[in-house]
Amino acid sequence: MEYKSHINKENLPQHIAIIMDGNGRWAKKQGLLRSVGHEKGTKAVREVVEGCAEIDVKNLTLYAFSTENWNRPKLEVKTLMRLLVSSLKKEIKTLLDNNIKLNAIGCLDNLPTKARKELQEVIDKTAHNKHMTLTLALSYGSREELVHVIKEIAEKTKNNHLDIEEITEKTVDSHLYTSDLPDVDLMIRTSGEQRISNFLLWQMAYAELYFTPVLWPDFRREDLYEAIFKYQKRERRFGKTSEQL
Ligand code: IPE
Ligand code: IPE
Ligand code: MG
């Protein structure tokens, strides 16, 4: 079935988050190096970015590198960082052509200087774009983010800028790296793994989870549209009964 034309434009997820997984297994299956899998994965990135922009999804967040991924072999980490720089250089045109703003979340200070500089440059150059926000989660871990939030709030209460009684869910939201983004409506993970791997724990509290066996380098926009189509078939109850909706 062709999915795109069956998507209801009135019920689009406001925020899609993707765990781009399976590059290594894709490469292994063809007897290639893991790095080739990562390179092929960049094509899938372009597909989902353009695919979302095309149907007016407003926020797309891609898990590109986790805090735990620093524990991979040095050479693989280096390849991933090099690929980040080359992709940013290459894809700035895609972002500008599609009126997309780039954003980044995570412990960006841990990135190599070159990657940080390139990232900042693309963020600056696309800052005024309005059609869609593309957020890259880089050196990102949800627990690290929550610790950062707790420290900031603690600091404010200590300095009497905030009363403990005033702390609400909104306070937490506003201190997250994603403070400018709505909650995640749809989380997609490729490669068949069914776990969250420290991604946006707070923001995904009520997200619909979608797992597909497709390996990330093979993921195309029709796969994205299938996920959105299936998301739209679900009943999101948010704790209520079906009859109340
Ligand atoms: C996802 O693919 C890319 C990153 C985590 C950076 P993997 O590299 O995790 O691929 P698999 O899971 O080993 O197949
Ligand atoms: C999650 O994938 C991180 C990214 C996609 C960037 P991993 O491949 O690192 O996750 P685990 O370790 O298998 O859970
Ligand atoms: Mg993996």
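Of T241, T157, T113, which has the most accessible area with a 1.4 Å probe, and how do the rest follow in descending order? Present the calculation step by step, with values, prior to reporting the outcome.
Numbers: T241 70, T157 35, T113 90 Å².
Order by accessible area, largest first: T113, T241, T157.
State, as an integer percentage, the relative contact order of the chain based on alpha-carbon contacts under 8 Å between residues 6 or more apart.
Working: 373 pairs, mean separation 73.6, N = 245.
Result for the chain is 30 percent.
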Listed residues L95, F238, L75: farthest to the positive end of the dipole of the chain (Cβ charges): L75
Accessible-area order (highest first, 1.4 angstrom probe) of the listed residues R189, R234, R46, R82: R82, R234, R46, R189
At 0.36 nm per residue, minus the direct Cα-Cα distance, what do I167 and E193 gain on full extension? Give it in nm, one decimal, please. 5.8 nm
Explain nothing, just the number: dipole magnitude of the stretch 127-190 about its Cα centre with +1 on each Lys and Arg Cβ and -1 on each Asp and Glu Cβ, in debye rounded to the nearest 20. 280 debye
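Compute the length gained on full extension between K90 and K78: take 0.36 nm times their separation in residues and subtract their Cα-Cα distance, giving the result in nm to one decimal.
On the way: separation 12, 0.36 × 12 = 4.32 nm, distance 1.83 nm.
Result for the pair: 2.5 nm of gain on full extension.
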With every protein chain kept in place and a 1.4 Å probe, the chain has an accessible area per residue in Å² of 55 Å²
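Between K158 and D109, what's the calculated FRET efficiency when r is the beta-carbon distance and R0 is 25 Å? Round to 0.05.
0.60
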Run the numbers for H148 and K125: contour at 0.36 nm per residue of separation, minus the present Cα-Cα distance, in nm. 5.5 nm
Packing-based ranking, highest mean first, of 194-201, 102-109 given that Cβ atoms within 10 Å are counted: 102-109, 194-201
Go through the stretch 53-58 residue by residue and turn each phi into a ³J(HN,Hα) via Karplus (6.51, -1.76, 1.60, θ = phi - 60°); whole Hz please, and just put x for glycine and proline. 4, 4, 9, 6, 5, 8
Could you look at the stretch 3-159 and say what percent of its accessible area is carbon and sulfur, using a 1.4 Å probe and all protein chains? 52 percent
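By per-residue mean of other Cβ atoms within 10 Å, what is the highest-first order of 218-229, 29-40? Walk me through the numbers before you get to the answer.
Values: 218-229: 20.4, 29-40: 15.8.
Ranked by mean Cβ neighbours within 10 Å, highest first: 218-229, 29-40.
Once a ≥ b ≥ c are taken as the square roots of the eigenvalues of the Cα gyration tensor of the stretch 106-186, is the result rounded (a/c under 1.5), prolate (a/b larger than b/c) or oblate (a/b not larger than b/c)? Display every interim value, and only then the final one.
Details: a/c = 2.18, a/b = 1.63, b/c = 1.33.
It is prolate, given that a/c is not under 1.5 and a/b is the larger ratio.
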Run the dipole for the stretch 7-59 about the Cα centre, Lys and Arg Cβ at +1, Asp and Glu Cβ at -1, nothing else charged, and hand back the magnitude in debye, nearest 20. 420 debye
Backbone HN-Hα couplings from phi across the stretch 63-68 [Karplus 6.51/-1.76/1.60, Hz, Gly and Pro as x]: 7, 9, 7, 8, 4, 6
What is the magnitude of the charge dipole of the chain about its Cα centre, with +1 placed on the Cβ of each Lys and Arg, -1 on the Cβ of each Asp and Glu, and no other charges, expressed in debye to the nearest 20? 1060 debye
Radius, Kirkwood style, for the chain when every pair of distinct Cα atoms is counted (Å): 19.1 Å
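For every other residue with a beta carbon closer than 13 angstrom to the beta carbon of K89, add +1 if it is Lys or Arg and -1 if Asp or Glu, then tell me the sum. Kindly include the intermediate steps, with their values, before the conclusion.
Working: positive: R82, K90, K93, K114, K117, K125; negative: E91, E118, E121.
Surrounding charge for K89 is +3.
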Virtual paramagnetic centre 7 Å along Cα→Cβ of K9, amide N under 20 Å, in the stretch 58-78: 58-60
For E68 paired with L201, estimate the spin-label separation in nm (one decimal), with each label point 7 Å from Cα along the Cα-to-Cβ line. 1.2 nm
Once you have the Kirkwood Rh of the stretch 169-230 from its Cα pairs, apply Stokes-Einstein at 37 °C and 0.692 mPa s and quote D in µm²/s. 253 µm²/s
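The values are calculated or read from the model by the stated rules, or taken from the named source; none is laboratory data. None of these values were measured; they are calculated from a predicted model. Quick reminder, even Gly has a Cβ in these numbers, built from the backbone with ideal geometry, and neighbours come from all protein chains shown. Accessible surface areas use protein heavy atoms only, side chains included; no ligands, DNA or RNA. Shrake-Rupley method; radii C 1.70, N 1.55, O 1.52, S 1.80 Å.
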